[in-house]
Amino acid sequence: MKAKDLFIDRYHAGLQLAELIANAQPTNPIVYGIPRGGVLVAAPIAHQLNCPLDVAIAKKIVLPAYPETAIGAVTTNGMGLEIGQRYCTDREWSQAVQQAQSKASGLLHTFEPFRPQINIAGATAILVDDGIATGATIGAIASVMKAMPYREIWVAAPVAPMRMPNAIAAYIDREILLMQPTVFVSVSSFYRHFPEVTTSEALSCFRSNNSAE
């Protein structure tokens, strides 16, 4: 891929997404950034739409030997999505789920004091991440949101595989993507600058956006 085809960084990718989403005219939108990197993409979208920015949290379920490979995801309330439980024992799975849920709960605790008070009834939930690979994280969140009184659930990301993962497709009403390459290696390979985002950086971005409202 040529350098000119890469996203500069998460913020600029969010600016591009914001234009597409604004043109789609979502009804009563609420933008949900998925910490940590997704918050940086979501902030300019919420600003463009002049709507609330919140967070939606789930953590990948991984095995210690393969920390970069998601075999599922779990939300803070224990709702999970399984895409690879067959690769481990029941005990390994249980331990991995507990660890992921603990991380998700800790992250929620950090953001909770700064989240906006919003009415979700009839709103369009727009889930935003910096990219989609397995779809486990967004899928776990969307599966929970599907049972809530949102009007629609949209997913927005700068890049995703050519075929949207089944983990997501069953729970969303619309997807807005900037790029769906035929060859998908990793999310980071589609950015010029893709540093790891710390919790403090994501929280600072989240607070700055909401304090400006």
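Below is a table of values for the structure above.
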{"item": "Boolean, residue 118 is more than 23 Å from residue 61 (Cα to Cα), more than 17 Å from the chain's Cα centre (by Cα) and either surrounded by 14 or more Cβ atoms within 10 Å (Cβ to Cβ) or hydrophobic (A, V, I, L, M, F, W, C) (or both)", "result": "yes"}
{"item": "Enumeration of residues in region 107-139 that are β-branched (Val, Ile, Thr) and within 20 Å of residue 48 (Cα to Cα)", "result": "118, 120, 124, 126, 128"}
{"item": "Residue in region 183-194 that is under 21 Å from residue 18 (Cα atoms) and touching a Ser or Thr at 6+ places or on another chain (Cβ under 9 Å) present", "result": "yes"}
{"item": "Test result for residue 156, more than 20 Å from residue 51 (Cβ to Cβ) and out of contact with any Ser or Thr (no Cβ under 6 Å at 6 or more places or on another chain)", "result": "no"}
{"item": "Residue count, region 109-133 (criterion: in contact with a strand residue (DSSP E or B) (Cβ under 8 Å, 6 or more places away or on another chain) and in a loop (DSSP other than H, G, I, E, B))", "result": "9"}
{"item": "Verdict on residue 171 being among the hydroxyl-bearing types (Ser, Thr, Tyr) and under 15 Å from the mean Cα position of the chain (by Cα)", "result": "yes"}
{"item": "Given (1) modelled with pLDDT under 95; (2) aromatic (Phe, Trp, Tyr); (3) surrounded by fewer than 21 Cβ atoms within 10 Å (Cβ to Cβ), index of the condition residue 171 fails", "result": "(3)"}
{"item": "Matching residues, region 73-127, being under 19 Å from residue 139 (Cβ atoms) and acidic (Asp, Glu)", "result": "82"}
{"item": "Test for residue 176: is it in a strand (DSSP E or B), over 13 Å from residue 131 (Cβ atoms), touching a strand residue (DSSP E or B) at 6+ places or on another chain (Cβ under 9 Å) and in contact (Cβ under 8 Å) with a residue 60 or more places away in the chain", "result": "yes"}
{"item": "Condition met for residue 74 (farther than 19 Å from residue 202 by Cβ, part of a strand (DSSP E or B), modelled with pLDDT of 95 or more and not basic (Lys, Arg))", "result": "yes"}
{"item": "So residue 192, is it over 23 Å from residue 124 (Cα atoms), in contact (Cβ under 8 Å) with a residue 24 or more places away in the chain, among the charged types (D, E, K, R) and surrounded by fewer than 15 Cβ atoms within 10 Å (Cβ to Cβ)", "result": "yes"}
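The values are calculated or read from the model by the stated rules, or taken from the named source; none is laboratory data. Predicted, not measured: the structure shown is a model, and the values here were computed from it. No Cβ is skipped: glycine too gets one built from the backbone with ideal geometry, and neighbour counts run over all protein chains shown.
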